Number of protein chains: 4
Amino acid sequence: MLHFDSDYMEGAHPRILEELCRDNGSQHVGYGLDGICDEAKDRIRKACGAPDAEVWFLVGGTQTNRTVIDSTLRPYEGVVAAESGHISVHEAGAIESSGHKVITLPQHDGKIDAAELRDYLETFEHDENHDHMVRPGMTYISHPTEFGTLYSANELRQISRVCHDHGIPLYLDGARLAYGLAADGTDVTLHTVAECCDVFYIGGTKVGALFGEAVVITRPHLIDGFFPQIKLNGALLAKGWLLGLQFNTLFTDGLYERIARNAIVQVMRIKRGFAEKGYRQLFGSPTNQQFLILDNETMDRLRKDVSFSFWEKYDDDHTVVRFATSWATKPEDVDALLQLL
Amino acid sequence: MLHFDSDYMEGAHPRILEELCRDNGSQHVGYGLDGICDEAKDRIRKACGAPDAEVWFLVGGTQTNRTVIDSTLRPYEGVVAAESGHISVHEAGAIESSGHKVITLPQHDGKIDAAELRDYLETFEHDENHDHMVRPGMTYISHPTEFGTLYSANELRQISRVCHDHGIPLYLDGARLAYGLAADGTDVTLHTVAECCDVFYIGGTKVGALFGEAVVITRPHLIDGFFPQIKLNGALLAKGWLLGLQFNTLFTDGLYERIARNAIVQVMRIKRGFAEKGYRQLFGSPTNQQFLILDNETMDRLRKDVSFSFWEKYDDDHTVVRFATSWATKPEDVDALLQLL
Amino acid sequence: MLHFDSDYMEGAHPRILEELCRDNGSQHVGYGLDGICDEAKDRIRKACGAPDAEVWFLVGGTQTNRTVIDSTLRPYEGVVAAESGHISVHEAGAIESSGHKVITLPQHDGKIDAAELRDYLETFEHDENHDHMVRPGMTYISHPTEFGTLYSANELRQISRVCHDHGIPLYLDGARLAYGLAADGTDVTLHTVAECCDVFYIGGTKVGALFGEAVVITRPHLIDGFFPQIKLNGALLAKGWLLGLQFNTLFTDGLYERIARNAIVQVMRIKRGFAEKGYRQLFGSPTNQQFLILDNETMDRLRKDVSFSFWEKYDDDHTVVRFATSWATKPEDVDALLQLL
Amino acid sequence: MLHFDSDYMEGAHPRILEELCRDNGSQHVGYGLDGICDEAKDRIRKACGAPDAEVWFLVGGTQTNRTVIDSTLRPYEGVVAAESGHISVHEAGAIESSGHKVITLPQHDGKIDAAELRDYLETFEHDENHDHMVRPGMTYISHPTEFGTLYSANELRQISRVCHDHGIPLYLDGARLAYGLAADGTDVTLHTVAECCDVFYIGGTKVGALFGEAVVITRPHLIDGFFPQIKLNGALLAKGWLLGLQFNTLFTDGLYERIARNAIVQVMRIKRGFAEKGYRQLFGSPTNQQFLILDNETMDRLRKDVSFSFWEKYDDDHTVVRFATSWATKPEDVDALLQLL
């Protein structure tokens, strides 16, 4: 069976496991107060061109979104997101559970539009009843989006400007950030992200780590008391150095970029393979998730040998499915898949 | 100045004040455990044709919505509502603040559609990822809606059936219920509401009371521990008999129906008056709120003598405004308004 | 039957009902944005000697405590209170429900001790693990306390200084404040309270109003977004002028002080009456609640004609009971009670 | 430097790392729905003698406590715990943050007393005001306690009976459970725990795993919707098989018991070593944490070569300190420590 279901089906990059094994005899203080975490934070600050940023390590994406958003907002504030955003749809109400509304904007290939955001914020401010409404206190975007699409640097700058014109921090969910940075044709770099966003996270779980997300806070004093808020959200890892060690490894010798690139190379082979056979794609995704429109017959045939994700019904005879690659995808698995087309 | 801004600009019906003054020398036990509350509850049960219903008195609408919804839902559940529902837009995030998502469906003149509700519930249940999504645990409707429109008895029964087919309670926000029941052409009675809904509230604040809403729970055991949940939501009135006294008065000798009817009679005079002058209405509202499309010149002229609510911009030359009447609207005020058209 | 159960068994002072009846024909804008509220706020600011204070009106005590405390604290902060404080024991978990721990200190006749508070705060700050603990973000006291006892002006100043030395606001629950101010021998005035506390509330429900509490915020910018936070807590009264009208009346011509004094005069007659018969009191309360130790035989005998509150078992033969008077207590009821001793 | 600060200073038992490396090439479905988790759950059910128990894997202790407690309680319920319980003191308000009060009972060497628990529950139920108080909805104990002490099987059974007599589930925090089971003289086994508790967790983080806690629910239907509640609490690990793999390894060939035993053997050497030199202990702990009373001179001398935890000041000349061993403590480190005494 060939697996293209998601990008978190494999363990860790071998170098991470090597480091883990090498370090296993050592003793460390807990809760991320160790030296390995310090080293990893420095590497991340350097990679972001943000020497004064605060860096924190958490375990997973939903946990990170919940903790960052709840720690930033005041009780009467909500977070603005695309209607297709992960926090809007697929986090089982984690944001609402922490007391905050997710205010949705229309999505355009998974992205929000700076002009629509400005329009929404201005409309809110001018609404005579706005004290009876949820105040937008943060904007959330994901890059790549849930549909694998990317913002351009210009789009990020515009969204950032709208947020700052209205005194609202911009938060970027980078669960798959590496796959965005490694995509062909993007002009967004880690520096762009750090420059545009007040807080963002660099995903490890889906890009070579066993688990782990690195939160980068570029705006000073954005969040007070973040340590106890991580703790009370159940997001403080006792053996915090395990997170530091993984990010330290990923941010050494360009490993993070390199392994993300593999996912892109392999997914593009898949994309071309389907295109050559005449299959259409739903979004023009340049990243490691491809959404393809298959006739049901082909879909059923492929499923005998390949696992991939159902996305949605397209029409009575066609279905949208998702193929995902990862840092660990083997070229020979893609070869085998292409043979089956 | 003539006031048609809203239906909560006046104090209480004189009979309520009389009762209040008459009772003022008496002493009562607190928290709604007094005899007047008991009497009022009995009258409400009778009026609803629901002899076994539980009845509780709370102070205001947002408080009631928050307390009922949070007390019914499990932590991983949300409440389904029209995108224009009061809890979706104008309660400053009260529902989310209590930990629950408001899941929105499209509104059609302020109403949700039974078929769309069924479709949404079925799609949710069949979604492979539904354990990562917010489970719909209650349906919220308002009657009249925020746009003054009404469900038919048949529509209510259909929505009720959809909810019950999916094991979800139906909750009706009756802040303006009396104005719905008193409307021309409606086939919905208090009995219909009690028959279709698992829990609903009968609004007092907007219909003759100083304040107060009566929650009616027709489904046994729907909510456990409602008393402490009212208390912890800050919704327990120390002098609970003040609520009982008001509802007791409203439900004596048909006062509640009678005074609601006045609002309808007066609003229909306004509606006809505008129609005769050629002004259009946005919704075909049969209740005490009328949404009219005025050219800006007329709007500005009227504003010198009349206060009413801005609703939304219609086009560059026209504006949608709201005229509301209440149980207390004086015929002579409407006369004066009609003179100004 | 004679009733000395509590101080919220009667409606409102007749002058309030008169005002209510007089105003009932008028129309007002909602949510406390009306002119009567403005006038009442001015009177309260003047009475407190705090011309720059913010004043807000809420409906009841638990609601006020929940809204003020949750609006002030950050998510990782708790509120320090006496173990016997109302928020610690008798609010059904309202504070915890809003996400915050009530951190308890020992009570001494219902009061906290400034030195113990300082000791607790210093210990917290020096605890190496304090980032794993709940940060004290506010101090709550009640005056009179739940046991009817009073702080001296000096005690309030000491507690205030401790709070401010540690950067923590002091909040005073004044549900029965008037009875404290009217007590014999107290040196605490409204000016003292306003000077020592960053935020406090002046109780109306128990002192002549149908309902209502006036929140006074003396520290600028203590709470941001208080209006929407009142709303989302379900604590915003639609007909807000009803609160303004009541406080306006209470703060006209010294009504508030005068009617509180009646409660003290009457309760002292009760106190002396029991003392003369040899009954002991549990606390030396100078306010409108008296805690008496009765032998069970006497208690049972009295109960035939008088209702009062069970407080706690004292020993096998004795019980502690509470007698409460109010602004409305009639001298002839006290006469009748004394006859029964 | 010798480290006896805590029991979570080391990585994982080598066999776990071996398994991790061996499995690293494989692909798995996420969220704990994989076969390794199934296998691990079976082993745990077997070890507990609870073939029908539900087993779930979470990442850390605070997260587990928060998620289990919030998922079990109704909004108006709190959890009863010792005043020294981890949830009472050292979880930064995680329980309150989820909306629930921690109701504290006195601790006796870190334990609660069955008779005091019964007394508290009965007093609550008979309190006329209990609807204004937080209802006890669960009892929390830790075994070993935060002071390293242990319940006897009889004590557990008594507490369990009290809980069940009052319809309240018993929850046991087993962060260090293995060290309790491996202690000399205990009559508590995993079977005892499963028999007495409605839900408990078996700690992995402190006993050989990199991270991970196994929640065992023995009472059917105790928690509904646990999966989405794990998710919304940010506690769902994407690569869930990493947890299954670790517990599978720990519960193979008695590894879990064996490595816990090492901690006991080593800590007892330390205990005896200090005792022989005349140092006293604060609690008679039979587990891997020893609380010793050192004169300050000795403490300062030892600190040059050994790290251990400050616990509290004993008197002006003495300090209580904690020495902790773990599954990974090396005999030669203990040798070196003993040399220093």
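The values are calculated or read from the model by the stated rules, or taken from the named source; none is laboratory data. Because the structure is a prediction, the values reported are computed rather than measured. Positions of Cβ are backbone-derived with ideal geometry, glycine not excepted, and every protein chain shown enters the neighbour counts. Note: accessible area is taken over every heavy atom of the protein model, side chains too, but ligands, DNA and RNA are not part of it. Shrake-Rupley method; radii C 1.70, N 1.55, O 1.52, S 1.80 Å.
Descriptive notes on the structure:
- Across the stretch A:137-258, the volume of the C-alpha convex hull divided among the residues equals 118 Å³ per residue.
- Accessible area that becomes buried as D packs against C, both chains, 1.4 Å probe, Å², nearest 100: 1400
- Chain D, helix-only ellipticity at 222 nm - DSSP H runs n ≥ 4, -39,500 (n - 2.57), divided by all residues, nearest 500: -12000 deg cm²/dmol
- Of A:Lys239/A:Lys330; A:Lys231/B:Lys231; C:Lys206/C:Lys239; A:Lys101/B:Lys313; D:Lys46/D:Lys111; A:Lys271/A:Lys304, pairs whose Cα-Cα distance is over 22 Å: A:Lys239/A:Lys330; A:Lys231/B:Lys231; A:Lys101/B:Lys313; D:Lys46/D:Lys111
- Partner chain coverage, peptide D:53-66 - average Cβ within 10 angstrom: 3
- Ranked order, A:Asp315, D:Asp300 - accessible area, probe 1.4 Å, largest first: D:Asp300, A:Asp315
- Here the average projected area of the convex hull drawn through the C-alpha atoms of the stretch C:74-212 stands at 8.5 nm².
- Exam field: C:Ser26 pseudo-label spacings to other copies (7 Å along Cα-Cβ), nanometres: 3.0, 7.4, 7.7
- Accessible surface of the protein assembly as shown, 1.4 Å probe, proportion on carbon and sulfur as whole %: 46
- Chain C - Debye-derived log10 I(q)/I(0), Cα point model, q = 0.09, 0.10, 0.12, 0.14 Å⁻¹: -0.49, -0.61, -0.87, -1.14
- Burial annotation for the stretch D:4-18: residues with an accessible-area loss of at least 20 Å² between the isolated chain and the complete set of protein chains, computed on heavy atoms with a 1.4 Å probe, are D:Tyr8, D:Met9, D:Glu10, D:Gly11, D:Leu17.
- Zone residues, the stretch B:120-160, relative to B:Glu195, backbone N less than 16 Å from point 7 Å out along Cα-to-Cβ: B:151-160
- For the stretch A:169-321, convex hull volume per residue from C-alpha positions, Å³: 164
- Projecting the alpha carbon convex hull of the stretch D:1-93 along each direction and taking the average yields 10.1 nm².
- Its Cα centre serving as origin, the stretch A:38-110 has a Cβ charge dipole (Lys and Arg +1, Asp and Glu -1) of approximately 60 debye.
- Rounded, prolate or oblate (a/c below 1.5 giving rounded, otherwise prolate when a/b exceeds b/c) for the stretch B:219-267 by Cα gyration tensor: prolate
- Ordering of A:9-18, C:267-276, A:93-102 by packing [mean C-beta count within 10 Å, highest first]: A:93-102, A:9-18, C:267-276
- Cα centre as origin, Lys/Arg/Asp/Glu Cβ charges: the protein assembly as shown dipole, Debye: 0
- Drop in accessible area of at least 10 Å² in the complex versus isolated chain, residues of the stretch D:231-247, 1.4 Å probe: D:Lys231, D:Leu232, D:Asn233, D:Gly234, D:Leu237, D:Ala238, D:Lys239, D:Trp241, D:Leu242
- The Cβ shell under 9 Å around A:Trp241 holds other residues with a net charge of -1, Lys and Arg each +1, Asp and Glu each -1.
- Comparing the full protein assembly with the isolated chain, the residues of the stretch B:94-120 losing at least 30 square angstrom of accessible surface (1.4 Å probe) are B:Glu96, B:Ser97, B:Gly99, B:Lys101.
- Accessible surface, per residue, of the protein assembly as shown when the full set of protein chains is kept, probe 1.4 Å, Å²: 35
- For the protein assembly as shown: span of alpha carbons on each principal axis (Å, largest first): 86, 84, 53
- In Å², nearest 10: area of B:Trp311 left accessible to a 1.4 Å probe: 80
- Among the trypsin sites (Lys or Arg not before Pro) in the stretch D:281-326, those placed in a DSSP loop whose Cβ has at most 10 other Cβ atoms within 10 Å are D:Lys304.
- Efficiency of FRET from Cβ geometry, C:Trp311 and D:Glu83, R₀ 25 Å, rounded to 0.05: 0.50
- Kirkwood Rh in Å, taken over all unlike Cα pairs in the stretch B:159-207: 11.5
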